[in-house]
Amino acid sequence: MVTDGGVDVDVDVPVSPLERAAYLPDADALLVADLHLGRAAASSVDAPIDDGADVRERLAALLERTGAGTVVVAGDLLHSFDRIPHGVAQDLSALESAVAAADADFVVTPGNHDTMLAEVEAFDGAVVDEYRLADGETIVCHGHERPTADAKRYVVGHDHPALSIEGRKRPCFLYGPGVYESDTGTGDPADVLVLPAFTRLAGGATVNGMRARDFQSPLVADADAFYPAVWDGEREESLWFPPLGQCRRLL
């Protein structure tokens, strides 16, 4: 059971949400999604931040905080379909160096935006469509397609969830216990954790009023059953809310 600012939320979450990332202690893994390196360069307007440096510095801070031995990207490391934007290769190389400096491994599960990843000669990280963490129970993938491997839980990205609270949109995590049934039909329904976009250039999809049909990931079949959580930087903790089906009446 977790508490969101005094309200008990009856859900046991084995993954610890952080600032746009999650840490799974049992697997010693730091999980991020949707970095979209190159989004600023590909934009037709001036971006407010250097997305490569911003992503690298925040990831390095999270590695220092958690001491994680593995960083796994749940897809969309890049923001490119047909070309590699200027500076992306350097940003990616610097990101790998930051992970290596923390003595951590770097694994990428490609997303729909990563079609040019193989063309980046500077990238030396491991690329796996679906990555099973060291706990043996968790699969990380982007979430734009149904996973082929069975797992107790899946950690995905793709939808860039955000929660609107008192008129302010904040990136959020979505945790659905027992919400996903694999194509094999074997075992119990699996849990799903949807990560927010790690890049701060993504506005996010406001999930307050979204139904399952509004999500792009096939792993979100019952949106009402997902518990949202937002990271409170001042309190240094995640604040959990009742499932979306109830949140629509509360927020």
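When restricted to residues that are under 22 Å from GLU130 (Cα atoms), over 17 Å from the mean Cα position of the chain (by Cα) and outside any helix (DSSP H, G or I), the range 88-116 contains 4.
Scanning the range 68-91 for residues that are of a type in the set (A, V, I, L, M) and either exposed (fewer than 14 other Cβ atoms within 10 Å of the Cβ) or touching a strand residue (DSSP E or B) at 6+ places or on another chain (Cβ under 6 Å) (or both) yields ALA68, VAL71, VAL72, VAL73, ALA74, LEU77, LEU78, VAL88.
Among residues of the range 148-178 being at negative phi, outside any strand (DSSP E or B) and under 17 Å from the mean Cα position of the chain (by Cα), the one that is surrounded by the fewest Cβ atoms within 10 Å (Cβ to Cβ) is ASP159. Can you tell me which of VAL220, VAL192 is part of a strand (DSSP E or B) and at pLDDT 90 or above? Exactly one residue qualifies, and that residue is VAL192.
Residues in the range 108-147 that are over 19 Å from ARG39 (Cβ atoms), open to solvent by less than 40 Å² (accessible area, probe 1.4 Å), hydrophobic (A, V, I, L, M, F, W, C) and in contact with a helix residue (DSSP H, G or I) (Cβ under 8 Å, 6 or more places away or on another chain): LEU133 only. Scanning the range 77-118 for residues that are in contact with a Ser or Thr (Cβ under 9 Å, 6 or more places away or on another chain) and among the acidic types (Asp, Glu) yields ASP82, ASP105, ASP114.
Do we have ALA190 as under 14 Å from the mean Cα position of the chain (by Cα) and over 18 Å from PRO242 (Cα atoms) here?
Working: under 14 Å from the mean Cα position of the chain (by Cα): no; over 18 Å from PRO242 (Cα atoms): yes.
For ALA190, the condition - under 14 Å from the mean Cα position of the chain (by Cα) and over 18 Å from PRO242 (Cα atoms) - is not met.
Count of the range 1-36 residues, restricted to those that are closer than 28 Å to THR115 by Cβ and either modelled with pLDDT under 90 or open to solvent by 70 Å² or more (accessible area, probe 1.4 Å) (or both), is 0.
Looking across the range 223-247, the residues that are open to solvent by 20 Å² or more (accessible area, probe 1.4 Å), part of a helix (DSSP H, G or I) and touching a Leu at 6+ places or on another chain (Cβ under 9 Å) come down to ASP224, ALA225.
Quick one: is ALA197 at pLDDT 90 or above, crowded, with 18+ Cβ neighbours inside 10 Å and not in a loop (DSSP other than H, G, I, E, B)? Before the answer, list the steps.
Numbers: at pLDDT 90 or above: yes; crowded, with 18+ Cβ neighbours inside 10 Å: yes; not in a loop (DSSP other than H, G, I, E, B): no.
Against the criterion (at pLDDT 90 or above, crowded, with 18+ Cβ neighbours inside 10 Å and not in a loop (DSSP other than H, G, I, E, B)), ALA197 does not qualify.
The values are calculated or read from the model by the stated rules, or taken from the named source; none is laboratory data. Source: prediction; values computed, not measured. Using ideal geometry, Cβ is built from the backbone for each residue, glycine included, and neighbour counts are taken over all protein chains shown. The area values use the complete protein model at the heavy-atom level, side chains included, leaving out ligands, DNA and RNA. Shrake-Rupley method; radii C 1.70, N 1.55, O 1.52, S 1.80 Å.
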